[in-house]
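To start, the structure under review is shown below, and the notes come after it.
No lab work stands behind these numbers, since they all come straight from the coordinates. Quick caveat, the model's predicted, so the values are computed rather than measured.
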Amino acid sequence: MDDVERARQILAEERQSIDNIDAALVNLLAERFRHTQRVGRLKAEHGLPPADPAREQDQVARLKALAKESGLDPVFAEAFLRFIVTEVIRHHEQLRRDDGA
Ligand SMILES: O=C(O)C(=O)C[C@]1(C(=O)O)C=C[C@@H](O)C=C1
């Protein structure tokens, strides 16, 4: 096997690992959103605010520490969490509107 062939084989193996990880991430995100939908319904039913900035601060601090330990860029970890939480809050606000309708 020549060098290029070997490189192609490694590339294919790495891509298989990446595909597996992407599938796990999607499954985990779906599971997270199932929980946040329950939280959103609870908040809508009881008139609680969709966003909780204090809770978010704790989550960001915890995830940044975990990211550092794992060798992941903590700035990226924070941006990723904020991206998800922004979508969750949008869902919560929709549930609040549905509940009030
Ligand atoms: O914990 C909550 O109160 C949630 O609504 C969940 C969640 C999250 O996605 O982690 C979303 C919005 C809040 O601002 C804080 C956290």
| task | Mind jotting down the distance between the C-alpha centroids of the range 24-101 and the range 1-22, whole Å? | result | 34 Å
| What is the projected area of the convex hull of the Cα atoms of the range 3-100, averaged over all directions, in nm²? | 8.1 nm²
| request: Round to the nearest 10 and give me the degree value, 0 to 90, for the angle of helix 53-70's Cα axis relative to the longest principal axis of the chain. | output: 10 degrees
| message | Could you work out [θ]222 nm for the chain from helices alone, using -39500 (n - 2.57) per DSSP H run of at least four and dividing by all its residues? Round to the nearest 500 deg cm²/dmol. | response | -32000 deg cm²/dmol
| said: Starting from 0.36 nm per residue, how many nanometres of slack lie between Asp2 and Asp73 once their C-alpha separation is accounted for? | reply: 22.0 nm
| query | Which angle between 0 and 90 degrees, to the nearest 10, do you get for helix 3-46 versus the longest principal axis of the chain when only C-alpha atoms count? | reply | 10 degrees
